[in-house]
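Undergrad: Dropping a structure here in structure tokens format, bear with me for questions.
The values are calculated or read from the model by the stated rules, or taken from the named source; none is laboratory data. What you are looking at is a predicted structure, and each value in this text was computed from that prediction instead of being measured. Cβ coordinates were reconstructed from backbone atoms using ideal geometry, including for glycine residues, and neighbour counts include every protein chain displayed.
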Protein chains: 2
Amino acid sequence: MPIDFCPGYTGSPFKTLARNYPGADVYPSADFRTEWGPIFHRGRLNGTARVLVIGQDPAQSEAVVRRILVGNAGKRVQGFLHKVGIRKRYVIINTYIYSVFGQQAGNAHIGDAQIAAYRNLWIAGVLDKSPIEAVVAFGGLARKAWEAWLDSPAAVGRPALHFEALPHPTSPTAGGASDAQAAAATATMLAKYNAAIGRIRGVLTATDAIASPLYGNAFTDDDLPDIPMMDLPPGTPAWMSTEEEWAKRVGDTAAIKRRTIQIAVPPAVPL
Amino acid sequence: MPIDFCPGYTGSPFKTLARNYPGADVYPSADFRTEWGPIFHRGRLNGTARVLVIGQDPAQSEAVVRRILVGNAGKRVQGFLHKVGIRKRYVIINTYIYSVFGQQAGNAHIGDAQIAAYRNLWIAGVLDKSPIEAVVAFGGLARKAWEAWLDSPAAVGRPALHFEALPHPTSPTAGGASDAQAAAATATMLAKYNAAIGRIRGVLTATDAIASPLYGNAFTDDDLPDIPMMDLPPGTPAWMSTEEEWAKRVGDTAAIKRRTIQIAVPPAVPL
């Protein structure tokens, strides 16, 4: 059976953007893991996308597959899209093309003009190419990224798009939350997600699948679909699309940990 | 400054081949690391290649960048091509698309019909598309792979191509050779390489660079050029093209080691 793959950056302007990305002169290495390279997107760049998702920054799994929002957060976003009725017609970009080295570093650079300028070229490219009808920002920096786009000259004169600013899907467990705190925060977040999904369903004039049922008070397996192989580069092992915890930063010191990513085929995968 | 990247598998027949590759039913998982996915090629699939290189199988670095012959062996092959006068116009494929789990496993499957059939589709695609004038096999299995192509129906009626069967570039240090043994084997190998380079230079009707000087008795830094960024996927960190030892299999047991690849930014790379 054929296995789909992401064709990458073949058309304008994405081919040019993938050859001309900002480096450590724009993204300071003290605050971004520029050594792992930029990671640009996930999803359809071929003109079929209806929803634009904005995330924050790539983590270690993303540095391996070189597409954003795979792993735990990625599956949560994928489930969100399923509930909207979208299985293929989305584009996901991040606020930052490099991994932030600490959340405060991410916060510090949200106003940087050159970072925003490059990101806005991606947004313009997506909007020029695809009939986007809704934009979803996951996390506070993603919301600011979209607002920076709206304030930019390139956004002038374009039709207003439905916009949702939502909590980042892994935010309930961030910052050392207790299990009870995380459960409560998850329930609150999923209620917000459900309300947003209802509004987005009302806006989209075309979907590509029957919408999945809304969330309950906690994530279930049904809420966490696999990352489609069509989103990943050719030859990517299937477990990178189905499993969540297969890459981690390892090392006894912060310096070694920054330099080291360990990939492990999960125990659930038989060899 | 723009950073080139490999466009991947966009045209016929490579797009189809990258979607329809043999799995564990053809490559038994006892003998091949199928869990890391297939890795197909490196170099030009756009019709400009003059030299076809055949290697053996992908190692751990290759599983990360998803192109073959990077790292130590890759830089040695790249240097060989420089000495021929070729910087861009080559295609590299492997005998096996999956990593062999032990050399005896590689030896055991060199006659497998289904493995050869898929490999021959790649060879046919390269020869149909590109004006290949010389074929270089590195290692005994690669030589057999080319011979299996010549014996196949798809090879019938095609013009004969200049062919060189050479030792694999890392073979001098294989099998627990002493330093003295490795040095002697390297000198012998490089003499063979020099002779082959002379013959290939005589065959090629077009090159794309001034040929680099021939080898001495040992590899020097000049013999080990970087892997071109144009051969690697978009966003690949530059050190993956310039450094040799950045991925290793780790683990206290053979089972864990098979499941685990650790990537480390080399100490020579400043952060």
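Undergrad: Scanning region B:34-44 for residues that are surrounded by fewer than 24 Cβ atoms within 10 Å (Cβ to Cβ) and either more than 13 Å from chain A (Cβ to nearest Cβ) or assigned to a loop (DSSP other than H, G, I, E, B) (or both), which turns out nearest to the chain's Cα centre (by Cα)?
TA: It comes out as B:F40.
Undergrad: Looking at (1) on the phi > 0 side of the Ramachandran plot; (2) modelled with pLDDT of 95 or more, find the lone condition where B:V65 falls short.
TA: (1)
Undergrad: When region A:50-76 is examined, which residues are found to be assigned to a loop (DSSP other than H, G, I, E, B) and out of contact with any helix residue (DSSP H, G or I) (no Cβ under 7 Å at 6 or more places or on another chain)?
TA: A:R50, A:P58, A:R66
Undergrad: Shifting gears a bit: Looking at B:V70, B:V65, which is the one that is within 10 Å of chain A (Cβ to nearest Cβ) and within 20 Å of B:W246 (Cα to Cα)?
TA: The unique qualifying residue is B:V65.
Undergrad: State whether one or more residues within region A:148-160 are closer than 24 Å to A:R199 by Cα, in contact with a strand residue (DSSP E or B) (Cβ under 8 Å, 6 or more places away or on another chain) and of a type outside the set (D, E, K, R).
TA: No - not one qualifying residue is present in region A:148-160.
Undergrad: Continuing with this model, one more query. Suppose we filter region A:177-190 for residues that are within 15 Å of A:K83 (Cα to Cα) and either loosely packed, with under 14 Cβ neighbours inside 10 Å or of a type in the set (K, R) (or both); how many remain?
TA: Of the residues in that region, 0 qualify.
Undergrad: Quick test for you: out of A:A218, A:A165, pick the one residue that is loosely packed, with under 14 Cβ neighbours inside 10 Å and either assigned to a helix (DSSP H, G or I) or at pLDDT 95 or above (or both).
TA: A:A218
Undergrad: Scan region A:122-130 and give yes if some residue there is in a loop (DSSP other than H, G, I, E, B) and buried (at least 20 other Cβ atoms within 10 Å of the Cβ), otherwise no.
TA: Filtering region A:122-130 for residues in a loop (DSSP other than H, G, I, E, B) gives A:130.
This time we only want the ones that are buried (at least 20 other Cβ atoms within 10 Å of the Cβ), so: A:130.
Scanning region A:122-130, I find at least one residue that is in a loop (DSSP other than H, G, I, E, B) and buried (at least 20 other Cβ atoms within 10 Å of the Cβ), so the answer is yes.
Undergrad: Being of a type in the set (S, T, N, Q) and either outside any loop (DSSP other than H, G, I, E, B) or loosely packed, with under 15 Cβ neighbours inside 10 Å (or both) is the filter here, so list the residues in region A:221-243 that pass it. Steps first, please.
TA: Our first condition is that a residue be of a type in the set (S, T, N, Q); within region A:221-243, this holds for A:236, A:241-242.
Of everything in region A:221-243, those that are of a type in the set (S, T, N, Q) and either outside any loop (DSSP other than H, G, I, E, B) or loosely packed, with under 15 Cβ neighbours inside 10 Å (or both) turn out to be A:S241, A:T242.
Undergrad: Continuing with the same structure: I need the full set of residues from region A:131-162 which are under 16 Å from A:I115 (Cα atoms) and surrounded by 14 or more Cβ atoms within 10 Å (Cβ to Cβ), in order please.
TA: Within region A:131-162, the subset under 16 Å from A:I115 (Cα atoms) is A:141-154.
Correct list: A:L141, A:A142, A:R143, A:K144, A:A145, A:W146, A:E147, A:A148, A:W149, A:L150, A:S152, A:A154.
Undergrad: Now a separate question. Would you mind finding the one in A:T48, A:T16 that is surrounded by fewer than 22 Cβ atoms within 10 Å (Cβ to Cβ) and without any contact (Cβ under 8 Å) to a residue 40 or more places away in the chain? Before the answer, list the steps.
TA: Numbers: A:T48 fails: without any contact (Cβ under 8 Å) to a residue 40 or more places away in the chain.
When all the criteria are applied, what remains is A:T16.
Undergrad: Same structure again: Going through A:Q78, A:Q56, A:Q60 one at a time, which residue ends up being surrounded by fewer than 24 Cβ atoms within 10 Å (Cβ to Cβ) and either touching a Lys or Arg at 6+ places or on another chain (Cβ under 9 Å) or not hydrophobic (A, V, I, L, M, F, W, C) (or both)?
TA: Every option except A:Q60 fails the conditions.
Undergrad: Specify the residue that is nearest to the other protein chains (Cβ to nearest Cβ); the eligible residues are those in region A:259-271 that are in contact (Cβ under 8 Å) with a residue 24 or more places away in the chain and surrounded by fewer than 18 Cβ atoms within 10 Å (Cβ to Cβ). It would help to see each step written out before you state the result.
TA: As a first pass, look at region A:259-271 and keep what is in contact (Cβ under 8 Å) with a residue 24 or more places away in the chain: A:259, A:261, A:263, A:265-266, A:268-269.
Retained after the next criterion (residues that are surrounded by fewer than 18 Cβ atoms within 10 Å (Cβ to Cβ)): A:266, A:268-269.
Values: A:P266: 8, A:A268: 11, A:V269: 6 Å.
So the residue we want is A:V269.
Undergrad: Here is a follow-up. Go through (1) closer than 22 Å to B:N46 by Cα; (2) part of a loop (DSSP other than H, G, I, E, B); (3) hydroxyl-bearing (S, T, Y) one by one and return the number of the condition B:Y118 breaks.
TA: B:Y118 satisfies all of (1) closer than 22 Å to B:N46 by Cα; (2) part of a loop (DSSP other than H, G, I, E, B); (3) hydroxyl-bearing (S, T, Y) except (2).
Residue-wise test of (1) touching a residue at least 12 places away in the same chain (Cβ under 8 Å); (2) closer than 30 Å to A:N120 by Cβ; (3) in a helix (DSSP H, G or I).
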residue: A:W149; (1), (2), (3): yes, yes, yes
residue: A:A160; (1), (2), (3): no, yes, no
residue: A:M189; (1), (2), (3): yes, yes, yes
residue: A:N194; (1), (2), (3): yes, no, yes
residue: A:I200; (1), (2), (3): yes, yes, yes
residue: A:T207; (1), (2), (3): yes, yes, no
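Undergrad: In this structure, does B:G111 turn out to be within 29 Å of B:I261 (Cβ to Cβ) and of a type in the set (G, A, S)?
TA: For B:G111, the condition - within 29 Å of B:I261 (Cβ to Cβ) and of a type in the set (G, A, S) - is not met.
Undergrad: Being more than 7 Å from chain A (Cβ to nearest Cβ) and touching a helix residue (DSSP H, G or I) at 6+ places or on another chain (Cβ under 7 Å) is the filter here; which residues of region B:1-20 pass it?
TA: Hits for region B:1-20 are B:C6, B:P13, B:F14, B:L17.
Undergrad: Quick check on region A:227-253: of everything there that is farther than 20 Å from B:R66 by Cα and modelled with pLDDT under 95, which residue is nearest to the other protein chains (Cβ to nearest Cβ)?
TA: Among those residues, the one meeting the criterion is A:E245.
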